[in-house]
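This is the structure I want to talk about, given as structure tokens.
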Amino acid sequence: MPPLLLCDTLPRMPELPEVEHVVRALHRVVVGRRIVATEVRLPKLISPTTPSTFKRKLKGSKITGVSRRGKFILIELDSNYVLAVHLRMTGKFLYLSADDALPKHARAIFYFDNDRRLVFSDQRKFGVMKLVARSRLSKTKGISELAPEPFSDGFSVAYLKETFARSRRTLKTLLLDQTKVLGLGNIYAAEALFRAGVSPFKVASELSIKRVARLHAEILEVLRDAITDSSTSRIDLARPDGFSYGEAFERFWQVYEREGEPCVKCAARIRRVTHGGRSTYWCPKCQRR
């Protein structure tokens, strides 16, 4: 039987919608399974926890749920521990049978009570795993600093207006700060700004409440579209060759990676510039300051 692929090596950093797809794929195959043994092949993956402590705390634990906080995948255990995983650039999970060959870059292996294995593979070794007590999760470094989840009550128009009012940074730069606005990476920040008709170079504190409300609505809409559209084709558990992040959704991109192409709204040429160390795409006519 071929391995069931949950996340493949990618050409770009996964954004929140892609992580949400991985969470849903994991949920389908690991919830209810008990971990009988663990093998750590890259100790820095779980640092500062030692491999022996990591294995001891996981042994015999039953997986009760899989959720997400920001880009952290949260594998919940009945032992009141949570395994928080950040994929970074090339992290991926595979759900393998006992007969399947391990991938070349296997960094951690979780052996289940049904004779299958959950393997974390990471070519560039940037992935992170943190085993933390459930009661300490919200205080864990990397998680405690995160802004409210985009679909939560905490991410309101009032919150966004207050966040913008305190910043002299440009909107594009601020939107990529996960401690201020959670869930937008380079792709979806560009798309949300375009849909809202707001310049990525506008100073955040100068945006009117009317335009803040419009941008807030488009942030939610672009994330919702990315999460719900073509979800079954984005992670196919029966395909060993997997997929690339953005593969299913990119046909809906209206501005990202469309430099020189006509704007879908006004036919002006889409422009690109390096801004804050990242490529920024915008329509000079639809997104005037």
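Read-outs throughout are calculated quantities, based only on the coordinates presented, and are distinct from any laboratory measurement. Computed from a prediction, not measured in an experiment: that's the story for all the values here. Cβ atoms come from the backbone with ideal geometry, glycine included; neighbour counts cover every protein chain shown.
At 222 nm, what helix-only mean residue ellipticity would the chain give, in deg cm²/dmol to the nearest 500, using -39500 (n - 2.57) for each DSSP H run of four or more? Show your work: numbers first, answer last.
Working: 7 runs with 72 residues, N = 289.
When only DSSP H runs of four or more count, the value is -7500 deg cm²/dmol.
Output the 0 to 90 degree angle, nearest 10, between the alpha-carbon long axis of helix 16-30 and the longest principal axis computed from the alpha carbons of the chain.
20 degrees
For region 154-185 and region 21-59, what is the centre-to-centre distance using only Cα atoms, to the nearest Å?
Here the answer is 33 Å between Cα centres.
Loop-only trypsin sites (Lys or Arg not before Pro) in region 165-213, please: DSSP not H, G, I, E or B, and at most 12 other Cβ atoms within 10 Å. Mind showing how you got there, number by number?
Values: sites: Arg166, Arg168, Arg169, Lys172, Lys180, Arg195, Lys202, Lys210, Arg211; in loops: Arg166, Arg168, Arg169, Lys180, Lys202.
Of the trypsin sites (Lys or Arg not before Pro), the ones in loops of region 165-213 whose Cβ has at most 12 other Cβ atoms within 10 Å are Arg166, Arg168.
Do any chymotrypsin sites (Phe, Trp or Tyr not before Pro) in region 53-152 lie in a loop, going by DSSP, with at most 16 other beta-carbon atoms within 10 Å of their beta carbon, and if so which?
Details: sites: Phe54, Phe72, Tyr81, Phe93, Tyr95, Phe110, Tyr111, Phe112, Phe120, Phe126, Phe151; in loops: Phe126, Phe151.
Here the sparse-neighbourhood loop sites are Phe126, Phe151.
I would also like to ask the following. What is the dipole size for the chain, taken about its Cα centre, with +1 at each Lys and Arg Cβ and -1 at each Asp and Glu Cβ, in debye to the nearest 20? Spell out each step's value before the answer.
On the way: 52 positive and 30 negative charges, 219 e Å.
Dipole magnitude for the chain comes out near 1060 debye.
Leaving out same-chain residues fewer than 8 places away, which lysines sit with a Cα under 22 Å from that of Lys210?
Of all the lysines, those that pass the test against Lys210 - Cα under 22 Å, at least 8 places apart if same chain - are Lys161, Lys172, Lys180, Lys202, Lys265, Lys285.
Could you give each residue of region 166-177 its phi-based ³J(HN,Hα) in whole Hz, using Karplus coefficients 6.51, -1.76, 1.60 with θ = phi - 60°, and x for Gly or Pro?
Coupling constants for region 166-177: 8, 10, 9, 6, 6, 4, 4, 5, 5, 5, 7, 7 Hz.
Follow-up. Show me, bin by bin at 10 Å from 0, the whole-percent P(r) of region 118-162 based on Cα pairs.
Using 10 Å bins, I get a P(r) of 20, 32, 33, 14, 1 for region 118-162.
Report, to the nearest 10°, how far helix 209-228 tilts away from the longest principal axis of the Cα atoms in the chain, using its own Cα long axis and a range of 0 to 90°.
Result, in degrees: 40.
Please give the helix 186-196 orientation as an angle from the longest Cα principal axis of the chain, in degrees from 0 to 90, rounded to the nearest 10.
The angle comes out near 40 degrees.
Semi-axes of the equivalent ellipsoid for the chain, please: Cα gyration tensor eigenvalues, times 5, square-rooted, ordered largest first, whole Å. The partial results should precede the final answer.
On the way: eigenvalues 277, 91, 45 Å².
After scaling each eigenvalue by five and taking roots: 37, 21, 15 Å.
Could you give each residue of region 103-109 its phi-based ³J(HN,Hα) in whole Hz, using Karplus coefficients 6.51, -1.76, 1.60 with θ = phi - 60°, and x for Gly or Pro?
Those phi angles translate into x, 4, 10, 5, 10, 8, 10 Hz.
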